1. Could you give the length gained on full extension between H23 and R333, defined as 0.36 nm per residue of separation minus the Cα-Cα distance, in nm?
2. Could you tally the net charge around N351, taking each other residue with its Cβ under 14 Å from the Cβ of N351, Lys/Arg +1 and Asp/Glu -1?
3. Among DSSP bridges having both ends in the chain, what percentage is antiparallel? Round to the nearest 5.
4. Computed over the Cα atoms, what is the radius of gyration of segment 65-209 divided by 2.2 N^0.38 Å, N being its residue count?
5. Exceeding 26 Å between C-alpha atoms, which entries from my cross-link table qualify? They are K10/K49; K164/K366; K404/K425; K404/K436.
6. Whole angstrom only: what separates the Cα centroid of segment 280-319 from the Cα centroid of segment 336-412?
7. Determine the sum of side-chain charges near I105: Lys and Arg each +1, Asp and Glu each -1, restricted to other residues whose C-beta is under 13 angstrom from that of I105.
8. How much length is gained on full extension from Y53 to D136, taking 0.36 nm per residue of separation minus their Cα-Cα distance?
Amino acid sequence: MKKDDIVTLKIEDFSTEGLGIGHSEGLTLFVKDTVIGDVAEVKVMKMKKTYGYARLLRILTPSPDRVEAPCPVARSCGGCQIQEMRYEAQLRFKEQKVRNNLQRIGGFTDPPMEPIIGMDNPFRYRNKAQFPISRDKNGKLIAGFYAGRTHTVIDYQDCLLGAKVNQTILDIVLNHMEKYHIQPYDEATGRGLVRHVMIRVSSEVLREENASGQIMVCVVINGSSLPESGRLVQALCAIPGMTSITLNINRERTNVIMGRQIKLLWGQEFIEDTIGKIRFRISPLSFYQVNPRQTEKLYGKALEYAGLTGQETVWDLYCGIGTISLFLAQKARVVYGVEIVPDAICDARQNAQLNHITNAEFFVGKAEEVLPEKYEKEGIHADVIVVDPPRKGCEQSVLDTMLKIRPERIVYVSCDSATLARDLKYLCTGGYELKKVCPTEMFANSCHVETVVLMSRNDTQ
Ligand code: SAH
C-alpha cells in the first residue's frame, strides 16, 4: 500500500486521539471522521512500515451507531472526536477501552469491571473553556477553538459542551478589542496582546441559572495591561453572575495557555462551586474537574471504594484544590493532601475552612518528593491512599513509597487508562489485588475516559 491508494475498509476501533482504525492488506490505517462500524472508502495520505494515515472519501455503509453531530464544527474542531457516534455506543467504547488496557498493559485477564457511569445529557457539561483569539483570513477578529492537531483557530463561540453564556462574554471581549484596536496575539511572530479568554462558571450557570451562579473571566495577555480595561469590566459586569474578572500575564513564546501571574480587574480572584455538600473556591490557575455533574458521582465512587469508617488516616495525592480530600474528610479521622501548584493548596486550605473541616491538612510539593520524604523522616502511616495523577500516571517513587507504607486500600482515580494499567500492574507485583474498576464519563463526545479503581492489600503475601 502506498500514498494516494484508494482502499475500502471497516472501522474497528478508535485510536487514543479518536481516529478511526481499520485494517487492509494486513496494515493498520488511521482515518479521521469515521466511527466504529463504518465501512468507508479512504485515500492513503501517508504510509509507514506497518501503519498509515488515510482521508475519508465516502462512507459506503454507515455504522449503526453513526449519528449526525449536533455541532456544526464537530469535524474540524479538535475538541470532540467522537460526537458522530451515538452516545450509548460512546459509553460502550469507553468501557471497552478501559477493559482492553487493563488486559493488554496491566495483564489482568478478567478485570472486575463495574458498568460505566454515563451522563443523561452529554452536552452543556463543561464548566471551563479556553478560547484562543485570532484573526481569520479576512482580518476579522475571531474566538473559537483549535482545529484538530493544529493551531488554526476555528471561528465558533458556542461550543455545545460549554455554558451558553460563553458566547455573550466572547462577543463583549471581541467588541472591546475592535473598538480600542487591541491586537490578538500571533504565535508566529510573538506580537499582539490578547492570547486567550478563559471562562469558568459554577454549576448553576451550566444549568442556566446565571443569577444564582458565579462566572469567572480571565483574559490571557502578552503584556502587563489591557487598554481601557475599565470599559471591558463595565460591559462584562452587566452579565448576571459575573464574579471575577482578571488578567493573566503570559509573555512566553510557548503554547502553554496560562502564565503564572494573575491581576485582578474586578470582583474577587476566584469563584465558588458546590459539589455534594461541599463548597469549593476555585482560582484561575487551579485545577478543577470540568464536569461538575459527573464529578459528584466520581468522588462518590472514590469515597465508596475508600471504605471509610471514621478511624482512618488517608493520603490524597495530586489533590488539586482539595476536592477529593474534603469529600474523604467527612468520613475519615484525618486526610493529608499533596499538590504541586501552590495556588491550588491555598484554595484547598481555604476550602477546608469554608466548610468547617478541621481534619484535613495540605502540603505543597511534588507527590514523588513529599511522600518519600514524609515516610523516611516521619515514618508516616496511611490506612487508605487515594491518587489522582495527571495523564502520565504516578512516578515510580510514589508507587514504591506506597508499597512501603502498605495502606490497606489504594483508590486510584485516573484520566488515562493506559498509564493506570501500567501502575496497577506494578502495585500488584508489590502485594496488592485489583478489586474493582469503575469507568466514569467525564468528557462526553471526546474519546477520553476517567476511571476509579480499588486495590486492596494482599495480606497473605
Ligand atoms: N484530585 C483533584 C485534582 C486532580 S488533577 C481533583 O479531582 O480536582 C491532577 C492534579 O495533580 C493537578 O492539580 C496537578 O496540578 C497536580 N500535579 C501534577 N503533577 C504533580 C506532582 N508531581 N505532584 C503533585 N501534584 C501534581
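1. Working it through step by step, the gained length comes to 106.2 nm.
2. Around N351, the surrounding residues sum to -3.
3. Taking every DSSP beta bridge within the chain, about 70 percent pair in antiparallel fashion.
4. 1.30
5. Listed pairs above 26 Å: K164/K366.
6. What the calculation gives is 12 Å, centre to centre.
7. +3
8. Length gained, Y53 through D136: 27.1 nm.
Every number in this text was worked out from the coordinates using simple rules, so none of it is lab data. In this text the structure is predicted, and so the values were computed from the model without any measurement. Please note: Cβ atoms are built from the backbone with ideal geometry, for glycine as well, and neighbour counts cover all protein chains shown.
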